[in-house]
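Okay, structure first, notes after.
Each value in this text was obtained by applying a stated rule to the coordinates, not by laboratory testing. Please read all numbers here as calculations on a predicted model, not as lab measurements. Note that each Cβ is placed from the backbone with ideal geometry, even for glycine, and that neighbours are counted across all protein chains shown.
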């Protein structure tokens with residue numbers, strides 16, 4: 001899995017470097033630079049071909065669109081991962097609090113109902129079994 | 001458990017007397033008057049029970065007096081009660097992203113990428129969102145350019161117009177805070193910067209049309225700390241000399 005990403009990353013870096021060098025050539029063009037430019041153009045096309053080949057290996061990879069928004073804003077996409085983890089932890093803690101509260105409520109309710117309706121609660125416990133201690 | 005109680009209380013309100021008497025809530029008390037909503041609910045209840053009749057009748061008959069008692073749902077082992085980050089072995093990732101400070105800019109994530117990448121993509125039309133909304137034409141194969149097609153790439157000599165020159169310039173990199181590092185003058189020049197600075201530093205000879213690119217070493221601040229170091233080195237020496245002079249004066253006076 002990581003090899004596929006490394007392969008794509010390598011091709012992309014070479015492609016970007018090639019484009020950058022083309023930009024330098026073009027920014028102050030000289031007649032002697034024409035052959036170099038033509039060579040770079042063909043390198044660009046082969047680079048695109050290599051990237052196209054990498055696409056077939058990565059067609060199962062799904063990327064959340066929210067990460068794209070971070071990139072479009074010029075922000076580090078690792079911040080998206082960080083915020084996802086923080087949100088997950090916060091939600092986990094929230095749900096755990098709810099579960100703990102409901103468990104305590106259940107045990108308290110059963111104990112109080114047992115005081116008010118002892119016979120019914122013994123029948124209920126016989127049907128449902130003894131509730132685990134909260 | 002909560003579902004059971006909610007169904008019990010909910011259906012008791014709809015059914016009225018039969019439900020309340022089965023649970024033993026004041027059998028001697030008169031039943032509360034049914035409201036129109038409850039009447040319609042009570043009218044609707046039997047058909048619903050009729051639809052689920054076989055499934056509900058057996059438990060109701062077995063679990064007297066709890067006729068509406070349903071079996072508890074199968075407990076899911078994985079709930080919010082467990083720490084999901086440790087469950088999915090994400091502790092390392094959590095410490096990596098949340099333990100340390102993650103830098104804000106995109107250039108910190110992609111330091112080797114040339115150009116101004118910290119600017120929003122909407123400004124120069126390079127946003128990924130636009131690429132998703134309007135995907136380019138795909139499917140055609142990439143074929144190398146032939147001699148005839150390369151004629152379209154014959155360019156005029158000379159520099160680019162000013163409006164296109166700034167596209168490849170990188171944003172200024174922050175200087176390191178540790179100015180006392182001795183390896184600063186020996187820092188290798190990043191590969192990306194040599195060419196950009198050659199672009200800035202080209203000299204045009206008046207007699208020929210050829211440009212001579214010169215390498216611009218990115219060490220403008222190296223001379224300053226050296227000078228500062230020299231000054232700092234000089235200062236304690238000066239202070240020592242001053243102290244010695246004072247001591248000599250004091251001895252002479254004595």
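Two numbers describe the Cα atoms of the range A:63-133: Rg and Dmax, which are 22.8, 68 Å.
Counting Cβ atoms of other protein chains within 10 Å of each Cβ in A:73-85 and taking the mean gives 6. Using C-alpha pairs below 8 Å separated by at least 6 residues, the relative contact order for chain A is 18 percent.
For chain A, the average shadow cast by the Cα convex hull is 14.5 nm², which is a quarter of the hull's surface. Peptide A:112-121 is shielded by partner chain Cβ atoms: per residue, an average of 1 of them sit within 10 Å of its Cβ. Cα centroid separation, the range B:86-135 to the range A:8-39: 26 Å. If you fit an axis through the alpha-carbon atoms of helix A:78-116 and take the longest principal axis of the Cα set of chain A, what angle between them do you get, 0 to 90°, nearest 10? Between helix and principal axis, roughly 10 degrees.
Note on residue A:128 and residue B:124: the model spin-label points, each 7 Å out from Cα along the C-beta direction, lie 6.5 nm apart. Quick one: angle between helix A:34-57 and the longest Cα principal axis of chain A, in degrees between 0 and 90, rounded to 10, please. The angle comes out at about 30 degrees.
To make sure I understand, if each residue's beta carbon is the centre and we count other beta carbons within 10 Å, what order do A:128, B:92 fall in, fewest to most? Could you put the intermediate results ahead of the total?
On the way: A:128 15, B:92 9.
Least crowded to most crowded, the residues run B:92, A:128.
Please label the shape of the range A:1-61 as rounded, prolate or oblate, based on the square roots a ≥ b ≥ c of the eigenvalues of the alpha-carbon gyration tensor (a/c under 1.5 means rounded; beyond that, a/b larger than b/c means prolate, else oblate). Don't jump to the answer; show the numbers that get you there.
On the way: a/c = 4.32, a/b = 2.85, b/c = 1.52.
Here the range A:1-61 falls in the prolate category.
By how many degrees, 0 to 90 and rounded to 10, does the Cα axis of helix A:2-27 deviate from the longest principal axis of chain A? Approximately 40 degrees, to the nearest 10.
Site pair residue A:86 and residue B:93 shows an inter-label distance of 1.7 nm when each label is modelled 7 Å from Cα along Cα→Cβ.
Determine the shape class of the range B:83-137: with a ≥ b ≥ c the square roots of the Cα gyration tensor eigenvalues, call it rounded for a/c under 1.5, and otherwise prolate if a/b is greater than b/c, oblate otherwise.
oblate
State, as an integer percentage, the relative contact order of the range A:1-61 based on alpha-carbon contacts under 8 Å between residues 6 or more apart. Each step should come with its number before you reach the end.
Values: 26 pairs, mean separation 31.2, N = 61.
About 51 percent, as a whole number.
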